[in-house]
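Note sheet for the following structure.
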Amino acid sequence: MRANLPELTALLIAPDRGLADTFLATVPLTHAFQVLSDLKSYPPTQTLDIRIRQLRPDVLLIDLGSSLDSAAELIKFAASLPHAPQIVGLHNQNDSRAILLSLRMGASEFLHAPFDVEVQREAISRLRRLRQPESDSLPDPGTVVVFSSAKPGAGASTIAIQTAFALQRASGKRVLLADLDLMGGTIGFYLKLNHSQSALQALESADQLSRSLWANLVADSEGIDVLPAPDVPFAGGIDASRLHAVIEYARMNYEWILVDVPVVFQRLSLMAISESDRAFLVSTSELPSLHLARKAVNLLDQLGFPKDRFQVMMNRVDKRDELGGAEIEKLFNCSVHSRIPNDYFSLHRSVTLGQAVDAHSELGKAVAGFAAKLSSKGPETKAKNVELKPALARA
């Protein structure tokens with residue numbers, strides 16, 4: 001009796017729709033593949049990279065017959081990716097040239113019409129054995145970093161955006177940027193995203209997240225996945241268990257999860273900080289911002305957040321500022337992790353174009369330094385959730 005094994009998730013690329021239809025008709029018979037996405041033309045390598053990063057399929061199924069050269073180029077590219085899927089070539093006939101070239105480029109298996117079910121099952125068994133070492137060792141969970149402020153307009157969203165770009169640029173790892181300011185998030189606007197899904201849909205679907213659903217929820221921006229805030233402001237409550245489920249799902253699929261939240265005095269922000277490994281309170285040197293930041297530091301301390309988990313960042317620092325680093329640390333009674341310069345023109349250009357700030361600008365260098373500091377080896381243990389006061393923990 002056949003073991004009830006989980007389906008292998010798959011990305012299908014098949015310009016030959018007759019071939020695709022013939023293959024897809026056998027999928028219910030083998031119970032082997034769950035096709036997450038079906039591309040009807042050979043995509044550019046950049047598009048394929050994005051789709052593989054978003055879907056993280058176990059298998060890439062690719063039509064070899066429509067254009068063997070195009071298919072071979074995509075196979076070679078996909079096989080070189082850090083999280084490369086197993087690759088299976090599809091063809092209308094048992095073509096020896098297609099078999100040899102596809103295997104030479106990095107494919108693992110070859111299937112041809114009429115896609116005999118028993119032949120498929122043998123190939124699937126081999127694919128599962130190839131994937132076994134990967135399945136036996138689960139990847140380390142990703143690092144969650146939360147950015148908040150005590151006063152609106154301090155620049156927490158800007159720092160979250162630019163840090164996400166800097167981390168992806170420096171490490172090449174998978175980065176998620178999530179905007180959990182459900183009332184007034186601006187990350188989608190800054191990055192000029194035209195995306196109908198949002199963080200709210202992710203939270204509402206927290207108990208049924210899957211790769212295919214997640215791929216529709218996030219948008220791509222220069223190589224990072226973005227979970228934007230909803231277009232229509234949402235003022236309802238968010239259950240802590242749903243937030244936890246979304247964060248944990250992200251941990252298992254990204255190396256870095258950067259979360260932008262509303263001002264720190266809001267319940268959702270405190271819940272997000274309790275889920276994080278690191279949290280940064282962003283302040284400017286203006287007196288109202290400093291005053292509220294000091295109150296926020298005291299609040300976090302009273303709620304039991306350890307000071308190695310949250311730190312202060314000073315934004316829009318000007319050389320003419322009267323208060324120096326030592327005075328600010330004395331004011332907050334905690335260390336200031338980083339100081340980001342006031343580089344208005346570089347930031348204005350970045351927002352106008354909806355892209356990362358120039359890496360050679362003063363702002364770009366400061367953010368790159370912050371990202372490097374953030375990704376440097378720290379304590380090995382992952383942070384545990386902080387138990388919130390009863391009044392905050394209620395749904």
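Per-structure values
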read-out	value
Residue list for region 230-286, restricted to those being of a type in the set (D, E, K, R), open to solvent by less than 40 Å² (accessible area, probe 1.4 Å) and farther than 13 Å from Asp181 by Cα	Arg251, Glu275, Asp277
Region 7-35 - residue that is part of a strand (DSSP E or B) and open to solvent by 30 Å² or more (accessible area, probe 1.4 Å) and, of those, farthest from Leu90 (Cα to Cα)	Gln34
Residue under evaluation Tyr42, criteria (1) hydroxyl-bearing (Ser, Thr, Tyr); (2) out of contact with any Ser or Thr (no Cβ under 9 Å at 6 or more places or on another chain); (3) modelled with pLDDT of 90 or more, criterion not met	(2)
Top-ranked residue of region 209-246 - restricted to ones that are β-branched (Val, Ile, Thr) and touching a strand residue (DSSP E or B) at 6+ places or on another chain (Cβ under 6 Å), ranked as nearest to Leu11 (Cα to Cα)	Val218
Residue in region 83-90 that is in contact with a strand residue (DSSP E or B) (Cβ under 8 Å, 6 or more places away or on another chain), open to solvent by 50 Å² or more (accessible area, probe 1.4 Å) and touching a residue at least 60 places away in the same chain (Cβ under 8 Å) present	no
Only one of Ala178, Ala154 that is in contact with a Leu (Cβ under 7 Å, 6 or more places away or on another chain) and open to solvent by less than 10 Å² (accessible area, probe 1.4 Å)	Ala178
Conditions (1) free of Cβ contacts under 8 Å to residues at least 60 places away in the same chain; (2) aliphatic (A, V, I, L, M); (3) open to solvent by 30 Å² or more (accessible area, probe 1.4 Å): number failed by Met314	(3)
Test: residue in region 201-221 that is closer than 23 Å to Ala84 by Cα, out of contact with any Pro (no Cβ under 9 Å at 6 or more places or on another chain) and in a strand (DSSP E or B)	yes
Close pairs (9 angstrom Cβ cut-off, 6 or more residues apart or separate chains): more than 15 Å from Asp179 (Cβ to Cβ) and open to solvent by 40 Å² or more (accessible area, probe 1.4 Å) in region 193-209, of a type in the set (Ser, Thr, Tyr) and in a helix (DSSP H, G or I) anywhere	Asp207/Ser241
Out of Leu74, Leu61, sole residue that is assigned to a helix (DSSP H, G or I) and of a type outside the set (Asp, Glu)	Leu74
Condition met for Tyr254 (under 26 Å from Val59 (Cβ atoms) and assigned to a loop (DSSP other than H, G, I, E, B))	yes
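The values are calculated or read from the model by the stated rules, or taken from the named source; none is laboratory data. Given the structure is predicted, the values throughout are model-derived calculations rather than measurements. We place every Cβ from the backbone using ideal geometry, glycine too, and count neighbours over all the protein chains shown. Heavy atoms of the whole protein, side chains included, go into the accessibility calculation; ligands, DNA and RNA do not. Shrake-Rupley method; radii C 1.70, N 1.55, O 1.52, S 1.80 Å.
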